[in-house]
Amino acid sequence: MGESGSHSVKNIFLRARLTRVLAVYLGGSYALLEIMDIFTDQLGLPDWFFRGALILLLIGLPIVIATAVVQGRRRPSVAGKPSAPGAGPEVPDDADSAEAATRPATAPHHWLNWRNAVLGFVGAFAAWGLIVSVYMGTRALGIGPVGSLVAAGVLDERERLIVADFENNTDDPLLGQAAAEAFRIDLSQSTIVTVVDPAFVGQVLRRMGIDQERELDLDLAREVAIREGIKAVVAGDITRVGGGFQLAAQLVSAQDGSVLVPFRETASDSTEIIDAIDRLSSSLRERIGESLKTIRASEPLDRVSTTSLEALRKYSQAVRVIEQGDNERGIALLEEAVALDTAFAMAYRKLGVTLRNIGQDPGRGREALTQAFEHRDRLTERERYLTEGSYYWGVAGDNDAARTAYESLLDIYPDDPWAMNNLAIIYNEARDFRRAEQLYTRAIELDSAGALYYGNAIGAQVAQGRYADAEYTLDRMAELFPGHPSVSMQATGLAASKFDYETAEQHVLELREAQLASPLMQRYVSFSLAQLAEVRGQLREAERLILEVMTASEAEDDLATYMGSTVRLAFYDLWFRGQAEAAVRRVDGVLARYPLESIEPAERPYGLLATFYALAGLTDRASVYLAEYEAAIEDGVVTANPEDGADASKGVLALAEGRVDDAIRELRAIDIGPCTICALPILGQAYDQAGETDSVVAIYERYVTTPWMNRLAAGDWFALATIYERLGGLYELRGDSEKAALYYGRFVELWEDADPDLQPRVEAARRAMERLSEAI
């Protein structure tokens with residue numbers, strides 16, 4: 001064979017060999033990178049560990065190629081050429097013989113060989129592994145510039161942090177506030193630090209005598225942190241640079257203002273601001289000491305908030321004004337936010353919870369919570385569990401599922417006060433008041449600025465009959481939240497639960513003077529004063545106050561409240577005065593004026609109307625409304641609530657139709673849930689109609705002796721006087737003069753200033769007391 005043919009054969013063999021080497025190297029590199037990727041995710045290694053391995057493999061590629069080429073060309077030559085099949089040995093030609101004669105038997109050693117390549121590969125990756133190990137070790141031990149702050153002892157695990165408003169160096173006045181809120185949302189996904197709730201900061205500012213509308217700049221945030229024993233605050237700024245933005249965040253010591261760690265990111269335009277904040281938050285979490293594995297497991301900020309910067313602006317404004325007590329404006333801003341981003345789950349959740357907390361527009365509140373639930377994959381893990389719990393409890397009526405959601409949240413965030421509060425509500429509904437109180441108290445310890453927790457704890461303490469503890473909790477609440485409307489509201493309920501209506505009225509009047517600028521609170525005041533008038537038999541005054549509520553409700557197009565108030569006025573005629581025809585005319589009139597179809601389905605008072613018409617003896621009409629009420633419950637339009645009286649409609653209808661045993665069974669069935677007295681007035685009436693007077697006494701005694709925080713609204717407003725009067729009569733029939741005189745006396749004292757048309761009943765009780773005194 002000629003020289004060109006020999007070289008051609010060599011090149012073919014060399015290319016084939018090189019192809020095999022590249023295939024092996026690239027396949028092995030792919031497998032190695034897959035392993036590296038698994039290690040990065042599972043062991044929480046830094047992102048640059050994978051990138052470094054990739055760089056080493058890329059550097060190794062030309063070395064492998066060169067080694068393959070060199071080693072392929074320098075393989076020892078064969079003395080002869082292969083023979084054709086069946087031919088004898090090939091005799092080399094003269095040229096080949098000469099070349100073979102001068103070539104050494106073995107090629108000299110070259111530094112580009114496979115042994116060196118393998119050793120270099122192993123050495124490079126060993127060195128890289130050592131570098132990563134040193135980094136992870138120093139980070140875990142808190143050593144050097146990469147050491148975590150938790151390991152270094154600068155911060156504790158689960159340390160509370162305050163996020164200050166970002167300094168705004170742009171021409172958009174809301175951008176700094178929106179950036180801070182976005183950073184707060186993203187940082188709240190951390191499992192190693194706890195972001196202080198803005199409501200907590202607002203309450204501290206209130207105690208400091210500082211306007212809650214003031215910007216929470218770095219200096220003010222540090223002052224709040226020092227007062228509350230918080231070690232550090234997060235401050236930041238956003239600056240326009242050319243057509244883009246530069247964002248900075250730094251962790252600052254609250255005590256001396258020193259910068260613990262700074263970070264900086266850029267965004268080419270406004271659409272990249274949310275991603276830049278996400279990167280800032282991740283960098284801070286990593287430096288504090290959170291596992292890189294958990295950081296990577298967190299949802300991206302645009303997934304747990306919104307991709308719309310304008311919607312984020314509206315949301316951050318809403319959060320701020322709601323913290324300041326302006327719920328009406330906050331609700332309007334949240335509606336704007338969800339209009340801009342119809343999948344903004346966090347805004348839906350805030351909207352639903354706010355509406356529920358103030359007792360406004362329950363239909364819209366349920367709808368908002370449902371929207372949040374449907375988009376819960378766009379929430380942080382914490383918010384997702386809270387949303388599931390709120391949905392299952394407030395919309396689906398599934399307390400078991402709600403409890404599971406809150407317990408799952410506490411497994412991950414064991415010090416989350418909102419989860420504790422909401423889980424306590426579930427236990428409260430199961431009448432496990434001791435366990436509920438423990439959770440409320442723990443929530444207070446973790447977040448002493450949560451006024452809601454104090455109010456809930458007071459209710460649980462009263463339910464256990466521990467009035468001294470409830471008074472103590474109320475005193476602490478008043479000290480921490482001077483001027484807060486919830487203090488007066490809780491004081492009113494506590495006094496009324498002890499039948500001290502004069503003190504309760506004084507608290508309501510104080511609230512009226514303090515909340516003149518709030519239409520919502522003025523409606524609450526009018527309704528509360530009406531209840532205090534009702535329980536004392538002052539129906540004319542109560543009617544005047546209820547008419548105030550109706551006027552305000554009609555002006556605000558709140559037809560559900562308007563209709564419910566009208567039925568309440570009709571109840572005065574029906575229950576207290578015995579004027580059924582007048583009562584029915586009043587209710588028929590409001591239904592003619594505002595048909596139920598004009599009210600949102602979730603707000604239609606089907607159960608209330610069924611109960612009213614059954615009490616009025618119009619059982620056919622009551623049956624129609626009862627059927628519609630049950631259909632609404634089955635369709636999930638409304639949730640059954642024993643405290644609103646609607647659930648009693650089935651038992652009341654059975655009683656009106658003379659089915660006394662059915663009535664007792666139905667009324668006993670609704671004696672569940674948190675309210676321990678709500679079903680008792682009508683249940684006692686059913687036993688009375690059955691002639692079971694011993695059961696009547698037992699039920700009514702349980703009613704008047706069971707402690708309950710909201711007993712004025714739950715039943716006392718209409719039932720207490722009648723129960724006192726009836727117990728007096730029943731004990732008189734038994735011959736128990738002492739107890740008969742006791743209850744007649746309570747009745748007379750309660751209705752001493754009742755309306756003139758109710759005074760005959762009072763006089764009858766006085767005469768009975770005179771008879772009993774002679775007998776005694």
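The values are calculated or read from the model by the stated rules, or taken from the named source; none is laboratory data. Model, not experiment: these values are computed from the prediction. Virtual Cβ from ideal backbone geometry, glycine too; neighbours counted across all protein chains shown. Accessible surface is based on the protein model in full, side chains and every heavy atom, while ligands, DNA and RNA are left aside. Shrake-Rupley method; radii C 1.70, N 1.55, O 1.52, S 1.80 Å.
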Scan the range 440-453 and give yes if some residue there is open to solvent by 50 Å² or more (accessible area, probe 1.4 Å) and touching a Pro at 6+ places or on another chain (Cβ under 7 Å), otherwise no. no
Please enumerate the residues belonging to the range 229-249 that are open to solvent by 40 Å² or more (accessible area, probe 1.4 Å) and either among the hydrophobic types (A, V, I, L, M, F, W, C) or closer than 20 Å to ASP156 by Cβ (or both). GLY229, LYS231, VAL241
Is the range 692-710 home to any residue that is closer than 20 Å to GLU502 by Cβ, open to solvent by 60 Å² or more (accessible area, probe 1.4 Å) and of a type in the set (S, T, N, Q)? yes
Within the range 164-184, does at least one residue satisfy the condition of being open to solvent by less than 10 Å² (accessible area, probe 1.4 Å), under 22 Å from ILE412 (Cα atoms) and at pLDDT below 80? no
I'm told GLY465 meets every condition in (1) open to solvent by 10 Å² or more (accessible area, probe 1.4 Å); (2) among the small types (Gly, Ala, Ser); (3) more than 30 Å from PRO601 (Cβ to Cβ); (4) in contact with a helix residue (DSSP H, G or I) (Cβ under 9 Å, 6 or more places away or on another chain) except one. Can you identify the failing condition by its number? (4)
Taking the range 45-82 and keeping only residues that are modelled with pLDDT under 70, closer than 21 Å to TRP111 by Cβ and either in contact with a helix residue (DSSP H, G or I) (Cβ under 6 Å, 6 or more places away or on another chain) or not in a helix (DSSP H, G or I) (or both), one is left with GLY72, ARG74, ARG75, PRO76
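Matching residues to (1) assigned to a helix (DSSP H, G or I); (2) buried (at least 21 other Cβ atoms within 10 Å of the Cβ); (3) free of Cβ contacts under 8 Å to residues at least 24 places away in the same chain:
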| site | (1), (2), (3) |
| --- | --- |
| ALA713 | yes, no, no |
| GLY729 | yes, no, no |
| GLU732 | yes, no, no |
| LYS739 | yes, no, yes |
| ASP753 | no, no, no |
| ASP757 | yes, no, no |
| ARG761 | yes, no, no |
Going residue by residue through the range 392-408, is there one that turns out to be more than 21 Å from SER188 (Cα to Cα), of a type in the set (Phe, Trp, Tyr) and in a helix (DSSP H, G or I)? yes
Could you give me the residue pairs with C-beta distances under 9 Å whose first residue belongs to the range 673-684 and is part of a helix (DSSP H, G or I), whose second residue is of a type in the set (Asp, Glu) wherever it lies, and which are 6+ apart or on separate chains? LEU680/ASP671; LEU683/ASP671
Which of (1) modelled with pLDDT under 95; (2) among the polar types (S, T, N, Q); (3) assigned to a helix (DSSP H, G or I) is the odd one out, the single condition THR639 does not satisfy? (3)
Is it true that some residue in the range 490-498 is more than 15 Å from ASP716 (Cβ to Cβ) and either within 31 Å of the chain's Cα centre (by Cα) or open to solvent by 50 Å² or more (accessible area, probe 1.4 Å) (or both)? yes
Restricting attention to the range 468-483, which residues are touching a residue at least 12 places away in the same chain (Cβ under 8 Å) and either among the small types (Gly, Ala, Ser) or open to solvent by 30 Å² or more (accessible area, probe 1.4 Å) (or both)? ALA470, GLU471, ARG476, ALA478, LEU480, PRO482, GLY483
Flagged in the range 319-374 as at pLDDT 85 or above, among the small types (Gly, Ala, Ser) and closer than 25 Å to ARG207 by Cβ, in numbering order, are GLY330
Pick from the range 695-733, criterion out of contact with any Phe, Trp or Tyr (no Cβ under 7 Å at 6 or more places or on another chain) and aromatic (Phe, Trp, Tyr), ranking: nearest to ARG771 (Cα to Cα): TYR700
Given (1) open to solvent by 30 Å² or more (accessible area, probe 1.4 Å); (2) more than 19 Å from LEU712 (Cα to Cα), where does THR561 come up short, assuming only one miss? (2)
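Output the residue which, of all residues in the range 502-557 that are in a loop (DSSP other than H, G, I, E, B) and charged (D, E, K, R), is surrounded by the most Cβ atoms within 10 Å (Cβ to Cβ).
Restricting attention to the range 502-557, the residues satisfying the condition of being in a loop (DSSP other than H, G, I, E, B) are 515-518, 536-538, 556-557.
Those left that are additionally charged (D, E, K, R): 536, 556-557.
Numbers: ARG536: 24, GLU556: 14, ASP557: 8.
So, considering only residues that are in a loop (DSSP other than H, G, I, E, B) and charged (D, E, K, R), the one surrounded by the most Cβ atoms within 10 Å (Cβ to Cβ) is ARG536.
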